[in-house]
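Just so it is clear, none of the values below were taken in a lab; they were calculated from the coordinates. Just so it is clear, the structure is predicted and the values come from calculations on it, not from any experiment. Cβ sites come from the backbone with ideal geometry, for glycine too, and all protein chains shown count toward neighbours.
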Amino acid sequence: MSATQAKLKRERKRSREIFERAEKVLVGGVNSPVRAFRAVGGEPLIIERGNGANLYDADGNELLDYVCSWGAMILGHANPAISEAIAEQARRGTSFGVTTELELELAELIIKAIPFIEKIRFVSSGTEATMSAVRLARGVTKRDFILKFEGCYHGHADSFLSQAGSGLATLGIAECPGVPQALAALTLNVPYNDLGGVENAFAQHKGKVAAVIVEPIAANMGVVPPATDFLKGLREITRRNGSLLIVDEVITGFRLHNGSVQDLLGIEADLTTLGKIIGGGVPVAAYGGRAELMDNVAPLGPVYQAGTLAGNPLAMRAGIAALEQLSKPDLYDEMTQLARRLVFGLRSELADAGIAAQVNAIGSLATIFFTAGPVRNYTDAKRSDTKRCARFFREMLDRGIFLAPSQFEATFISAAHTSADIDRTLAAAHESLQAISADSAV
Ligand code: KE4
């Protein structure tokens, strides 16, 4: 065992005891499947606290965190301004079920950053945002079909669970039981980056497609950037067919710059969904778009959507405190520079170890695919050697580096990561990849 491993690998006795208790009362011991580490083996982590770029498990092990609560913690854990905002609001009350000024404060911050969103509705999860946007699209167009992309993930609402990424890809669930066939049949799946496939689907369902929903940068099959003009092509096809374009920015919203990734891709969706970062680590998500569309939602229109904790003041304060920090000059440039150094370093270590892999990356998002060929869609991504990915995950975790516990997820760099963290990560990657390369069994 290397010096790095010996120092960091402290027996996770207390974590194991806690997880064993958890398995008795929580399904699989978790509240979201990917946390069970089923795809990577070993025991799931039990985290006691986080600070900056680090997590600390129940046995006191320090872990450098590249999951960042699946992208939400772009400012790192226990960010002082967010923590103070939550504490202060908690003393004033956590939920009233009546409108507060905080809701429009956060809405105004988002709309200032994303001006093509004229009106917004807050909800409590990304799934609620995407399912509501699809319901609105179906209500406005009076059409039933939606089109999504294989390997993309838009949350766990029934219409999204066929050929989906993230936890379904991780567990190999292509079609989810419990979704009525009649409903599943209304979801069309096309390979990501395949505009010809989209044209064919529209031709076969002329006048029947309510909306296309897309991750503008796919991150739930692992990171797969859009091909040049893919998004512009979707914009043109949906407009030509009288369908809506829903761009799901639950991950990309405020991820690559202080606003929407659509600015960088030269498109404007009819409806945009947001989540994760806009809540500062507290449950906030949203959908929004032109007022003429959004005004079809109750109470102004007949498309119904509601939520007990929607716009919750505690969550709004956390979101405001987060977004107020994202306008800090150089924040995104510094994250991107660190991410670039990590990505180039990983590519070099993989090549030195003679391991066939692709590192897809854009901004502070990256994924190592353990496959020789390029990864441009879900079929390519599924060619990856998931066993080798699992071994790399465990080798890195033993060295105190926590990567996504799945081939089909993204690695996130936050504003809390430092240059020294990147150095440490690349040192651990060198040891890990050399160990894998020397082990012909993997
Ligand atoms: P939630 O319902 O999990 O808040 O958001 C659903 C969602 C919608 N759209 C996109 C693009 C998303 O990435 C997500 C959720 N992302 C996953 C991680 N890839 C959440 C992690 C989990 O399921 O535990």
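Summary of computed values
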read-out: Estimated FRET transfer efficiency when R0 is 22 angstrom, pair Arg16-Arg49 (beta carbons, to 0.05); value: 0.75
read-out: Order of Ser419, Ser15 - criterion: other Cβ atoms within 10 Å of each residue's Cβ, fewest first; value: Ser419, Ser15
read-out: Largest-first principal axis extents of the Cα set of the chain (Å); value: 63, 54, 47
read-out: Antiparallel DSSP beta bridges within region 80-325, percent to nearest 5; value: 40
read-out: Pair Ala184, Glu62: separation of 7 Å Cα→Cβ label points (nm); value: 4.8
read-out: Set of lysines with alpha-carbon distance to Lys387 below 22 Å, sequence-local pairs under 8 removed; value: Lys9
read-out: Förster radius 30 Å - calculated FRET efficiency between Leu104 and Asp333 (Cβ-Cβ, nearest 0.05); value: 0.45
read-out: Lysine pairs within region 80-325, Cα separation less than 29 Å, 8 or more sequence positions apart or different chains; value: 18
read-out: Neighbour-count order for Lys382, Lys112, fewest beta carbons within 10 angstrom listed first; value: Lys112, Lys382
read-out: Packing-based exposure ordering (other Cβ within 10 Å, fewest first) of Glu17, Glu268; value: Glu17, Glu268
read-out: Cα centre as origin, Lys/Arg/Asp/Glu Cβ charges: the chain dipole, Debye; value: 700
read-out: Net charge of Cβ neighbours under 15 Å - reference Gly151; Lys, Arg +1; Asp, Glu -1; value: -3
read-out: Antiparallel DSSP beta bridges within the chain, as percent of all bridges there, nearest 5; value: 60
read-out: Estimated FRET transfer efficiency when R0 is 35 angstrom, pair Ala203-Arg347 (beta carbons, to 0.05); value: 0.30
read-out: Max mean-square fluctuation residue, GNM over the chain, Cα-Cα springs under 10 Å, options Asn54, Asn193, Asn31; value: Asn31
